[in-house]
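Just so you know, all these numbers are worked out from the coordinates, no wet-lab data involved. The structure displayed is predicted, hence computed values, not measured ones. Reconstructed Cβ throughout: ideal geometry from the backbone, glycine too, with neighbour counts over all protein chains shown.
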Amino acid sequence: MADDIFLRDLWYMAAQGASVKRGAMRRTMLLGEPVLLGRTKAGEVFALRDICPHRGVPLSAGRIMDDATVECPYHGWRFKTEGQCALIPSLVGGEAIDAANIRVRSYPVREQDGLVWVYMAAAGHESAIPNADPPRVPVPHAVPRWSVSQTFACAIDHAVIGLMDPAHAPYVHGRWWWRVKPRVKEKRYAPLPMGFVMLRHAPTKTAYKLLGGDVSTEITFELPSIRFENITGTLFRRPLAVTGLTACTPIDAQTTQVTQIFYWPRWLGFIRAFFWAMGPTFLSDDRRMVELQREGLKFDPRLMLIQDADVPAMWYHRLKKAWAEHTETGTPFVNPISERTLRWRS
Ligand code: FES
Ligand SMILES: [Fe+2]
């Protein structure tokens, strides 16, 4: 679909697993579509289009039955988690209609690393099996230790670009305990299967010193909108890995949910205090800026991307274009990015 503004045939981070309770369901919006996210009483997560095919009532307003079907609150039709209608209570037998032929769209769902991923297929690909897995958090036994999630009043692109843009930090996040005098940065980037990585380097910010003397970090970005910061260090002579995941999930064309989740080994529990103090501040800073930006975007101005600080944003646009072509034409996806060093002052 050429006029679809969202990338399809990809996994989107829809929720944290812990927020989807057993035997409960809720309505969420993903890519402008109403999606029922639920968990059966047996513990299985599932996602259905949140519109009853009978008369359009949100299925999420109904209930989950013991046999893991969802019962619509209007006429009691029941649907299996894979979408097939299992029961139409008003039928007496002998009618021409067969419930088994009625379906509500079901979305492929994967729960891993404490996250619920939903696969959003392109039109015409709805019944295809996803040909890739959702991204994995690259730490063993990944358990979310700290998270923050905020709704940004902006299109996905502005949320993503705002998060990968290195030049805004001194202005938007400039606080005494985080600020270092702007200086020339030089970072090496390389392509990844679905994006790119700022290769491992020693971070300049003092806050990283909390994680030991030999701290290094790499920052990855992959389609549709998943950023990992993978920090390693040695603390109390123990090697440690801390991963920060930032996921931008489009709710609709003008609203984006931005979620940051940190993973660290259990024994590192004391760094939680640091996140409580700082985490929400950072995301709020970014959110405020996209809200301000909206005041300008109302007038549909021409915008600019400049070398080298905006090059990751250019890459993002190129990746999107290549992926959209891939889903539209079925030709293999070719990552348009090649290895490069970027320089900027921040
Ligand atoms: S609207 Fe859902 S069963 Fe009638
Ligand atoms: Fe930021």
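At-a-glance table
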| quantity | calculated |
| --- | --- |
| Rh (Kirkwood; distinct C-alpha pairs) - the stretch 203-346, Å | 18.2 Å |
| Normalised per residue, the volume of the convex hull around the Cα set of the chain (Å³) | 153 Å³ |
| Reduced Cα scattering model of the stretch 53-185, Debye log10 I(q)/I(0), q = 0.14 Å⁻¹ | -0.93 |
| Mean separation of Cα contacts under 8 Å, 6 or more apart, over the residue count of the stretch 144-345: relative contact order % | 32 percent |
| Extent along principal axes [Cα atoms of the stretch 10-120; Å; largest to smallest] | 48, 27, 19 |
| Cβ crowding within 10 Å averaged over residues, with 159-168, 145-154, 86-95 ranked highest first | 159-168, 145-154, 86-95 |
| Within a Gaussian network of the chain (alpha carbon springs, distance under 10 Å), most fluctuating of T331, T81, T217 | T331 |
| Kirkwood hydrodynamic radius of the stretch 132-244, from inverse mean 1/r over distinct Cα pairs, in Å | 16.0 Å |
| Local electrostatic count at R110 - Lys and Arg +1, Asp and Glu -1, tallied over other residues with Cβ under 15 Å | -4 |
| Summed residue charge, Cβ within 15 Å of P239's Cβ, Lys/Arg positive, Asp/Glu negative | +3 |
| Candidates E325, E222, E295: whichever shows maximal mean-square fluctuation once the chain is modelled as a Gaussian network with Cα springs under 10 Å | E295 |
| Efficiency of FRET between I88 and T329 - r from beta-carbon atoms, R0 35 angstrom, step 0.05 | 0.30 |
| For the chain: relative contact order, % (alpha-carbon pairs under 8 angstrom, 6 or more apart) | 18 percent |
| The chain: calculated mean residue ellipticity at 222 nm from DSSP helix runs of at least 4, using -39500 (n - 2.57) | -5500 deg cm²/dmol |
| Charge dipole (debye, nearest 20) of the stretch 10-120; +1 at Cβ of Lys and Arg, -1 at Cβ of Asp and Glu | 260 debye |
| Directionally averaged shadow of the stretch 261-305, computed from the convex hull of its alpha-carbon atoms, nm² | 4.7 nm² |
| E291/Y74 FRET efficiency (R0 41 Å; Cβ-Cβ; nearest 0.05) | 0.60 |
| Cβ-based exposure ranking for V258, V184, V137, in which fewest neighbours within 10 Å come first | V184, V137, V258 |
| Cβ-placed point charges (K, R +1; D, E -1), dipole of the chain about Cα centre in debye, nearest 20 | 1600 debye |
